[in-house]
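The values are calculated or read from the model by the stated rules, or taken from the named source; none is laboratory data. Remember, it's a predicted structure, so these values are computed and weren't measured experimentally. Here the Cβ is made from the backbone with ideal geometry for all residues, glycine too, and neighbour counts use every protein chain on show.
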There are 2 protein chains.
Amino acid sequence: MPAVSKPADSSDPRLARRSFLGMGAALTGGLALGARPGHAEPQPPSPPADAPWSQSIGPGVVDRPYGRPADTEAGVIRRNVPWLTAGTESSISFSPLQNLHGIITPNGLFFERYHAGRPDVDPDQHRLMIHGLVERPLILTMQDIVRFPSVSRIHFIECPANGGMEWRAAQLNSLQFNHGMISCAEWTGVRLSTLLEEVGVKKEAQWAMVEGADGAHMNRSLPLNKCLDDCLVVYAQNGEALRPEQGYPLRLVVPGWEGNVSIKWLRRIKLGDKPWHSREETSKYTDLMPDGTSRGFTWLIDAKSVITFPCPEKPLGGPGLYEIRGLAWTGNGKVKRVDVSADGGVNWQTARLHEPVLSKALTKFTLPWRWDGTPALLESRVIDETGYVQPTIAQLRKSRGMNSVYHNNSIQTWQVKPDGSVFDVQLG
Amino acid sequence: MPAVSKPADSSDPRLARRSFLGMGAALTGGLALGARPGHAEPQPPSPPADAPWSQSIGPGVVDRPYGRPADTEAGVIRRNVPWLTAGTESSISFSPLQNLHGIITPNGLFFERYHAGRPDVDPDQHRLMIHGLVERPLILTMQDIVRFPSVSRIHFIECPANGGMEWRAAQLNSLQFNHGMISCAEWTGVRLSTLLEEVGVKKEAQWAMVEGADGAHMNRSLPLNKCLDDCLVVYAQNGEALRPEQGYPLRLVVPGWEGNVSIKWLRRIKLGDKPWHSREETSKYTDLMPDGTSRGFTWLIDAKSVITFPCPEKPLGGPGLYEIRGLAWTGNGKVKRVDVSADGGVNWQTARLHEPVLSKALTKFTLPWRWDGTPALLESRVIDETGYVQPTIAQLRKSRGMNSVYHNNSIQTWQVKPDGSVFDVQLG
């Protein structure tokens, strides 16, 4: 265990704030005008000379009728891990969490997961069929669906394989690749319960098979209770139509459950009296236990959190006061508390949660921290409203063994080295 | 006054929902399988044939490392009104509210307002100077600013000219052009109060001059109290770095106040003991009264609402049950209630507000409405948490006269004609 760096006392926010710059300015080029010794009064600063962009007229409105990021942000993109999958068509890309802020993931950077690539669906031709154990089977157009009573909700979607490489001890040394299979957006659509009332659920119905229009015909079984509880059939994401990568023109959102059940390019919902045991829920998305049995239908995303600054991609510039930043979430409802440790879990301090704290959505947390330049082990630990506490990886392995790669919601440890660099480590 | 269409009774949501499709399906092509007369039992439906995109493998992940909308959404863009301004460099573009959902505006469709076009600022060279009546004047780099304690908040920004063409009775017959100078995003940055604590505010300071790095050096005066209350110096919008159109790499966000004070490409904050009476707050952004005097510093965005469906761009398909949808907002805090009328303000029914209802953010409202095919006059009226009630345009004109074009927050009337088309009208 390396030397412990005590978390900063954040009881004096004013002092804390001053110190953020006091030690930082010299490192980053910030200029404290008038703080020069020998002058009783501050120097009146001279404004910096006008930059070229302040001396000219730029392009006007609707030069970009649909906007895009600044060219200098070209490195902020989704990335994949080439060795992880045979090709890119049945694969994953990771969201650059190290460059993101707040709880909304912009649509262009929302992580991707395909089973047969990205279909380009014609919304005018797209249909949703609802059949099986229903009174009035229906085939709906997009216009039909948009006409139903709408609901907008902010929810995360996480792939259960998020953290799977870490579980297998691959040292990618990256926030993006360790945790980037999670994103969060405002979804707008119709409650699945509304559509099921429309078709009339037969008494015998207990399950729904939900199926996509992609080349994989990706499908999963869902218990009817969850369908009637909070599932949404959505057509918009962060205000605009879904992106093709996210299921355009129609997807399911199953709040708080593993992402693969939130079927994209949704074309069919069939009600039945038992689960389908589809290819995706037998060959994939089951958890192999130490005794050789498989746990299926482990849908719930348990509480999880991660520190997004500092992280391997965003090291520390030198000793001083910093704001530790991170995200927490739980499929069980709301985040109740996040604790942060700088000594690998020996001492903990409660972080500040930022409003709004929404059910089954990302929650932002922060904590001021004075780094003295000695090695540190940064960790965050979330407790959700059910009282569930995010486990260590050792605790998870004790209960699950090593075979299962899904649902690694363990505490992430970032090792801070004296030069400020940050590494992904696993504590014993 | 045209014949009055009574709002639907929404006390039986189940009935209401069934009717949404009952009358809509035939119009839009939706197929009720098994509802055919002469059959005691529903017909087992045949799944539609696989579409081409269901029979092939699409492009894989990171085909688009940064995503973009579906090609079929190409018409969903910001638009300008060519006759409104001499050129596009000092002009406005309007957000396509008729195509948007929920409270978040995607970054690509956030409305634009330039005074000298869009500067392409190099974030490494960008500086924020804070000086004037301060103890320790400072010039900050972007790295300095990002290091300060961060805050994320969802707030709208509205140009006070939103509704100005309508005020002048230009019949553009468009939701986009009547109301599209408003957008809403999750902003991340540092509280301006934090930066002002850093520099130390002198006792005499009462005002701040805030200035942009664009070619117009766009600047405004702000009272210090507002700066210390809830102003934010932000670098991120909906999770990612600000877009160039929105002030990349740094802008001010002045929650609830007219958009032009939320200075983009923010480069300077100077504290003083009186306002600057800058060009933008004398030649523009003042309100000419009937007696020839000008009201200045009318920053507050009073409560306002608008029905976004139906609207001129989204007419009704035929008689039946619909969901009226809209947005409400107020610079005074939270929306408390929204009422909807279908008869030009004679009878009102309270709409449902959708969570989260956040301070100085867009709030979504909906109300089921059965349209019987007769002419109707749809209106929404918001009441905010201070008790302020959105006025009619006649009320506003009585108090202001006709000269002032800013801050038209009056009730919008949409006239629904028997063929379902929707027109912008002003009631006497």
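Yes/no per residue for (1) surrounded by fewer than 20 Cβ atoms within 10 Å (Cβ to Cβ); (2) in contact with a helix residue (DSSP H, G or I) (Cβ under 8 Å, 6 or more places away or on another chain):
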position: A:275; (1), (2): yes, yes
position: A:282; (1), (2): yes, no
position: A:285; (1), (2): no, yes
position: A:295; (1), (2): yes, no
position: A:303; (1), (2): no, no
position: A:306; (1), (2): no, yes
position: A:309; (1), (2): no, yes
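Just a yes or no: is a residue in the stretch A:349-367 buried (at least 17 other Cβ atoms within 10 Å of the Cβ), touching a residue at least 40 places away in the same chain (Cβ under 8 Å) and in contact with an Asp or Glu (Cβ under 6 Å, 6 or more places away or on another chain)? Within the stretch A:349-367 (the criterion being buried (at least 17 other Cβ atoms within 10 Å of the Cβ), touching a residue at least 40 places away in the same chain (Cβ under 8 Å) and in contact with an Asp or Glu (Cβ under 6 Å, 6 or more places away or on another chain)), the answer is yes, since at least one residue qualifies.
What are the residues in the stretch B:141-169 that are charged (D, E, K, R) and modelled with pLDDT of 95 or more, if any? Selection gives B:144, B:147, B:153, B:158.
State whether the residues of the stretch A:370-385 include one that is touching a residue at least 12 places away in the same chain (Cβ under 8 Å), within 14 Å of another protein chain (Cβ to nearest Cβ) and either assigned to a loop (DSSP other than H, G, I, E, B) or out of contact with any Pro (no Cβ under 7 Å at 6 or more places or on another chain) (or both). The answer is yes; a qualifying residue exists.
The residues in the stretch B:120-146 that are touching a residue at least 60 places away in the same chain (Cβ under 8 Å), outside any helix (DSSP H, G or I) and either facing chain A (nearest Cβ under 7 Å) or farther than 13 Å from residue B:248 by Cβ (or both) can be counted, and the count is 15. Is it fair to say residue A:281 is among the charged types (D, E, K, R), under 21 Å from the mean Cα position of the chain (by Cα) and either within 14 Å of chain B (Cβ to nearest Cβ) or outside any strand (DSSP E or B) (or both)? Against the criterion (among the charged types (D, E, K, R), under 21 Å from the mean Cα position of the chain (by Cα) and either within 14 Å of chain B (Cβ to nearest Cβ) or outside any strand (DSSP E or B) (or both)), residue A:281 does not qualify. Entry remark, the stretch B:398-419: residues being surrounded by fewer than 17 Cβ atoms within 10 Å (Cβ to Cβ) and more than 21 Å from residue B:181 (Cα to Cα) number 6 in total.
Determine whether the stretch B:193-207 contains at least one residue that is within 24 Å of the chain's Cα centre (by Cα) and crowded, with 24+ Cβ neighbours inside 10 Å. Checked the stretch B:193-207: no residue is within 24 Å of the chain's Cα centre (by Cα) and crowded, with 24+ Cβ neighbours inside 10 Å. Within the stretch B:217-240, being surrounded by fewer than 18 Cβ atoms within 10 Å (Cβ to Cβ) and outside any helix (DSSP H, G or I) holds for one residue alone: B:223.
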